[in-house]
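Enquirer: Let me begin by handing over the structure; questions about it come next.
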Amino acid sequence: MALSQEMCLADHNVNWIASESKPEYFYSEEQRIALEGLIDGGTETYEAVLEKFSIKPFLSREEIDRVNNSSREQRSRGSTTDPGANVGVDADAAAETESTASTDGDSSLTYWPDQSDDEPPATLDIGWPDAQGYRGVTRATVYTQPPGEGAANVKETVRRLVQNAQSLIAVAMDKFTDMDIFRDILDVMSRRKVAVYIVHDEGNMPFFLSMCERVGMHAGHLKKMRIRSACGASFSTRNGNVINGVLGHKFMIIDGDKAITGSYSFTWSASRLDRNIITVLTGQIVDTFDTEFRELYAASKPVRTESLQLPDDPNAGQDPEPSPPKPAVAVNAAASRRMLNPKYALVLG
């Protein structure tokens with residue numbers, strides 16, 4: 001439950017209403033009713049609510065079109081019987097829940113944890129750097145596109161950090177279709193066994209999956225990579241209609257001690273045609289991105305990677321190369337005598 005909801009339940013709470021001129025102004029019941037009218041009844045209902053409550057039009061034309069399109073997609077998605085209508089989003093759990101409910105009608109009155117509607121939160125099962133202590137002094141370096149005189153461009157900066165990764169690459173992105181950056185991720189993941197987590201915007205997920213097929217990815221890459229989708233906040237009307245926002249995050253964590261954030265999406269156009277700015281952060285500030293990514297990953301949805309047309313792992317069935325023997329450590333005579341002494345036997349166990 002959100003903190004604002006908990007405060008409303010408190011006995012001593014007083015709901016303070018802020019005016020539009022106050023920075024604290026965020027929620028408006030009139031705006032909520034107008035948005036509900038837009039979702040359920042369209043633009044005409046939205047304008048009628050604005051006139052009824054004498055409030056200013058708070059949505060731009062672009063936002064109105066976006067809400068209308070999202071509402072139409074939601075209604076068409078609800079009318080289809082195909083559980084896999086959402087490309088890329090895992091629908092196996094939903095199909096299993098429907099089949100269980102149809103064959104076991106009486107069990108709906110009983111709580112079964114194994115058959116709960118809510119999936120357990122995702123875990124970082126392929127490794128995550130443990131950084132409980134102080135991460136160091138916060139430092140920030142800014143890069144622009146087009147680059148400044150003598151400075152690297154944003155794509156070069158991102159690729160260098162990816163190629164130098166040693167243990168972790170965690171990406172939260174709205175659009176990821178740049179094949180060069182993704183090839184670097186696959187390469188460093190194969191050579192150094194770097195754990196890769198990608199949380200992508202749900203609406204743009206089909207474009208990312210298409211890029212995965214075109215870039216030469218194979219099934220073996222999925223062993224050290226986790227791909228999930230997420231969206232923004234949800235708004236539900238009293239008629240049961242729901243619209244979702246988009247994932248606007250654009251950041252990447254490298255090895256748990258470096259983070260990249262800014263306006264740059266991982267696309268070819270963003271690195272060649274658009275103006276962008278990114279900030280490379282190191283030190284204690286990375287802890288904020290670490291926490292945000294963990295929470296985002298736990299709330300994300302699985303992606304059906306089985307639907308990808310990927311070739312088999314070329315290294316499948318091959319025995320791993322044996323590690324070279326460790327060189328023998330020379331022990332001097334004085335150390336040998338200490339090891340034979342009964343006093344040191346207590347220390348060595």
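Where a number appears in this text, it was derived from the coordinates with a stated rule and is not lab data. In this text the structure is predicted, and so the values were computed from the model without any measurement. With ideal geometry, Cβ positions are generated from the backbone for all residues, glycine too; neighbour counts draw on all protein chains shown.
Enquirer: Amide H of residue 168 versus every other amide H placed in the peptide plane: which residues, excluding those fewer than 5 positions away on the same chain, fall under 5 Å?
Expert: Correct list: 195, 255.
Enquirer: Got a sec to turn the phi values of the stretch 240-255 into Karplus ³J(HN,Hα) couplings, 6.51 cos²θ - 1.76 cosθ + 1.60 with θ = phi - 60°, whole Hz, x for Gly and Pro?
Expert: For the stretch 240-255, the Karplus-derived couplings read x, 7, 10, 10, 10, x, 10, 7, x, 5, 9, 8, 9, 10, 10, 6 Hz, x marking Gly and Pro.
Enquirer: For the stretch 42-69 and the stretch 204-256, compute the distance between their C-alpha centroids and round to whole Å.
Expert: Cα centroid to Cα centroid, the span is 29 Å.
Enquirer: Which shape class applies to the stretch 173-267: rounded if a/c is under 1.5, otherwise prolate when a/b exceeds b/c and oblate if not, where a ≥ b ≥ c are the square roots of the Cα gyration tensor eigenvalues?
Expert: It is prolate, given that a/c is not under 1.5 and a/b is the larger ratio.
Enquirer: Continuing with the same structure: Sort 192, 159 so the one with the fewest other Cβ atoms within 10 Å of its own Cβ comes first.
Expert: 192, 159
Enquirer: When 310, 38 are ordered from fewest to most other Cβ atoms inside 10 Å of their Cβ, what list results?
Expert: 310, 38
Enquirer: Which order results if 70, 307 are arranged by neighbouring Cβ count within 10 Å, fewest first?
Expert: Arranged by neighbour count, lowest to highest, 70, 307 become 307, 70.
Enquirer: Still on this structure, please answer the following. Largest first and in whole Å, give the semi-axes of the stretch 139-307's equivalent ellipsoid, each being the square root of 5 times a Cα gyration tensor eigenvalue. All intermediate terms of the calculation are to be shown ahead of the outcome.
Expert: Values: eigenvalues 126, 80, 55 Å².
Largest first, the stretch 139-307 gives 25, 20, 17 Å.
Enquirer: Another question about this same structure. Normalising by the residue count of the stretch 139-307, find the relative contact order in percent from Cα pairs under 8 Å and 6+ residues apart.
Expert: About 30 percent, as a whole number.
Enquirer: Around residue 190, under 12 Å between beta carbons, what's the net of Lys plus Arg minus Asp minus Glu among the other residues?
Expert: +3
Enquirer: On a straight-distance basis, which lysines could pair with residue 224 in a cross-link, Cα separation under 28 angstrom, same-chain partners fewer than 8 positions away excluded?
Expert: Here the lysines satisfying the reach criterion relative to residue 224 are 155, 175, 193, 250, 258, 301, 326.
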